[in-house]
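Working notes, structure below.
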Amino acid sequence: MATPIILRGYKYSVYNRIVRVVLHEKDVPYETEEIDPFQTMVPKNYLRRHPFGRVPVLSHGNFDVYETAAICRYIEAAFDSPCLLPTEEKALARVAQVVSIIDSYGYRPMVRQVFAHRVFRPSVGETSDEIEIADGLKASLPVLGAINALASEGYVLDGEAITLADCHLAPMVAYFVQAAEGASALETHSALADWWRTFSRRPAILETDPGLPSRQA
Ligand SMILES: N[C@@H](CCC(=O)N[C@@H](CS)C(=O)NCC(=O)O)C(=O)O
């Protein structure tokens with residue numbers, strides 16, 4: 001019997017979805033355990049697996065790994081084809097670069113500011129802050145520009161050879177474009193917009209769409 005895989009995370013987390021996209025692309029079966037890292041008390045037994053209380057954690061039998069980029073590299077190494085990492089050194093560097101750019105400079109403005117304030121918060125009846133949206137949009141533009149330049153160059157994000165870069169970027173873009181401002185900003189970056197038109201149709205994206213929470217009574 002195969003060693004069970006449990007993805008411990010929060011349904012609406014982009015990081016949780018990145019891992020799900022990789023598992024779907026590699027056709028690896030897994031179970032999920034729902035952990036909401038934004039609740040006041042993250043369960044103590046979860047903090048033993050993730051000392052920083054973020055999501056997700058991947059458990060493969062007794063082996064726990066946290067930090068999404070590390071989780072994805074683990075899945076890539078532990079399971080066979082399709083291979084989601086190029087072997088050619090320049091392409092491999094570009095994959096690592098896209099992942100790092102999106103983690104370091106993209107997540108906060110694109111997801112926590114633009115998407116959260118324009119889309120998620122209203123969907124749960126929470127107030128939004130227009131300044132957060134404007135600041136987030138401004139900070140998102142250089143990120144889109146940098147990734148668009150890498151997509152134009154041709155080593156990654158070509159819509160054909162799927163890599164961990166596609167899987168890491170897609171959940172962020174999927175949230176960002178739900179805000180009208182995000183969708184318009186993406187359209188001004190043609191290589192990235194072309195990539196998203198193709199990649200967003202993949203089963204791994206369609207099957208992992210968390211939707212939005214229904215508004216609390
Ligand atoms: N560096 C972490 C980031 C994970 C992360 O920030 N996850 C968010 C959800 S998308 C979280 O747990 N946030 C809880 C918080 O900020 O307290 C990773 O790569 O896994």
Taking only segment 120-148 into account, find how many residues are out of contact with any Leu (no Cβ under 7 Å at 6 or more places or on another chain), of a type in the set (A, V, I, L, M, F, W, C) and either under 15 Å from Ala185 (Cβ atoms) or assigned to a loop (DSSP other than H, G, I, E, B) (or both).
8
Quick one: Ser214 ticks every box in (1) over 29 Å from Asp129 (Cβ atoms); (2) more than 18 Å from the chain's Cα centre (by Cα) bar one, so which box is it?
(1)
State all residues of segment 8-34 that are crowded, with 20+ Cβ neighbours inside 10 Å and under 10 Å from Leu58 (Cα atoms); if no residue qualifies, say none.
Arg8, Gly9, Asn16, Val19
Go through segment 124-139 and count every residue that is within 16 Å of the ligand (Cβ to nearest atom) and in contact (Cβ under 8 Å) with a residue 12 or more places away in the chain.
3
Answer with yes or no whether Pro142 is over 17 Å from the mean Cα position of the chain (by Cα) and not assigned by TED's automatic domain parsing to the domain that holds Pro122.
no
Go through segment 37-71 residue by residue and tally those that are touching a Gly at 6+ places or on another chain (Cβ under 7 Å) and without any contact (Cβ under 8 Å) to a residue 24 or more places away in the chain.
2
Test Leu137 against the criterion of being among the aliphatic types (A, V, I, L, M) and either under 25 Å from Asp64 (Cα atoms) or buried (at least 22 other Cβ atoms within 10 Å of the Cβ) (or both), and give yes or no.
no
Tell me which residues, restricted to segment 162-194, are small (Gly, Ala, Ser) and over 18 Å from the mean Cα position of the chain (by Cα).
Ala180, Ser184, Ala185, Ser190, Ala191
Condition broken by Asp166, with the remaining ones in (1) within 16 Å of the ligand (Cβ to nearest atom); (2) in contact with a helix residue (DSSP H, G or I) (Cβ under 7 Å, 6 or more places away or on another chain); (3) in contact (Cβ under 8 Å) with a residue 24 or more places away in the chain satisfied
(1)
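The values are calculated or read from the model by the stated rules, or taken from the named source; none is laboratory data. This is a predicted model, so every value here is computed, not measured. Note that we place each Cβ from the backbone using ideal geometry, even for glycine, and neighbour counts take in every protein chain shown.
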